[in-house]
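Student: Below is the structure I would like to discuss, written out as structure tokens.
The values are calculated or read from the model by the stated rules, or taken from the named source; none is laboratory data. If you're wondering where the values come from, they're calculated on a predicted model, not measured in any experiment. So basically every Cβ, Gly included, is an ideal-geometry build from the backbone, and we count neighbours across all protein chains shown. Surface accessibility is based on the protein's heavy atoms, side chains included, excluding ligands, DNA and RNA. Shrake-Rupley method; radii C 1.70, N 1.55, O 1.52, S 1.80 Å.
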Amino acid sequence: MKRLIYCIVCVLCVSSCTLDNYDGPSETFRGTITDSISGRGFETEVGDDGVQFKMLETSYCANPTPWFLTCCQNGTFQDTKVFNGNYNITPYGAFVPFVETGNNGKITKDKSVNLKISGTVSHNFIVEPFLEVTWVGEPTVSNNQIKVQVKIERGTSNPNYQQKCTDVFLFINSSSPYVSSNNYDSRISVSLSGSAAKTAPGSVVTLTSNKVTSGMTYYVRVGARIDYATNGVKRYNYNEPKSIVVP
């Protein structure tokens, strides 16, 4: 009896090892989110509140469970561990959605992308930003405060995405050029809200930090967002980060 149980256990162990002995994902999906206004990489933030790609592998299932890929700060992305297969891909970010639904929940626009990912596959997604944030001149320092100027403009004429601007934020840190809403020093960063933010689109905005420390290098960046959520998140549009040394 003991011998019989031992044999059964051995068979189960061998079967289990055999079933799990599949090759891991090794295909590469990479590319760029391109800002249609500037023609450059879309400025965003690292993580789930930046740009997300909803990945649906449609090779074997009509209703697959989605998984998500995120984007680098400068709009580039790369994942080297993707399973070989056919994918339906929808980017989400602070730009006009690729997929829209009506009040009844039915899809009214679908510009999601279908790709076969095998080997290395590159794709460029061109997007219409909600807002375009651009530097006006260079950041300056006076009385141990950093002063910046930016121009904020609407990035799309689509009437469905003209919601009010709710926040304009000067994000600052001294640790990394990866500066955004998820990596900033709240003691020195400043923001505009209310009527000051609402009237920002179409104008040049000046923001002055709280006191900073002499001899330090700081990384600065401005983000602005409208009162609209994509995939449940109200996301910022950004300009590119800059560094400044405080004398």
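Student: Exactly one of (1) open to solvent by less than 60 Å² (accessible area, probe 1.4 Å); (2) within 27 Å of SER36 (Cβ to Cβ) is unmet by GLY194. Its number?
Tutor: (2)
Student: In the stretch 215-238, how many residues are open to solvent by 10 Å² or more (accessible area, probe 1.4 Å), in contact with an Asp or Glu (Cβ under 8 Å, 6 or more places away or on another chain) and of a type in the set (A, V, I, L, M, F, W, C)?
Tutor: 1
Student: Also: From the list GLU57, GLU45, which residue is open to solvent by less than 50 Å² (accessible area, probe 1.4 Å), among the charged types (D, E, K, R) and either modelled with pLDDT under 95 or more than 27 Å from GLY223 (Cα to Cα) (or both)? Working first, answer last.
Tutor: Numbers: GLU45 fails: either modelled with pLDDT under 95 or more than 27 Å from GLY223 (Cα to Cα) (or both).
Testing whether each residue is open to solvent by less than 50 Å² (accessible area, probe 1.4 Å), among the charged types (D, E, K, R) and either modelled with pLDDT under 95 or more than 27 Å from GLY223 (Cα to Cα) (or both) leaves just GLU57.
Student: If only one of ALA229, ALA197 is touching a strand residue (DSSP E or B) at 6+ places or on another chain (Cβ under 9 Å), at pLDDT 95 or above and farther than 16 Å from VAL141 by Cα, which one is it? Break it down into steps so the answer makes sense when it comes.
Tutor: Values: ALA229 fails: touching a strand residue (DSSP E or B) at 6+ places or on another chain (Cβ under 9 Å).
The match here is ALA197.
Student: While we're on this one: Looking at (1) more than 22 Å from CYS61 (Cβ to Cβ); (2) among the aromatic types (Phe, Trp, Tyr); (3) surrounded by fewer than 19 Cβ atoms within 10 Å (Cβ to Cβ), which is the one condition that is false for PHE83?
Tutor: Of (1) more than 22 Å from CYS61 (Cβ to Cβ); (2) among the aromatic types (Phe, Trp, Tyr); (3) surrounded by fewer than 19 Cβ atoms within 10 Å (Cβ to Cβ), only one is false for PHE83: (1).
Student: Read through the list (1) out of contact with any Pro (no Cβ under 8 Å at 6 or more places or on another chain); (2) more than 14 Å from SER181 (Cβ to Cβ); (3) part of a loop (DSSP other than H, G, I, E, B); (4) not hydrophobic (A, V, I, L, M, F, W, C), then give the number of the only condition that ARG235 fails.
Tutor: Failing condition for ARG235: (2).
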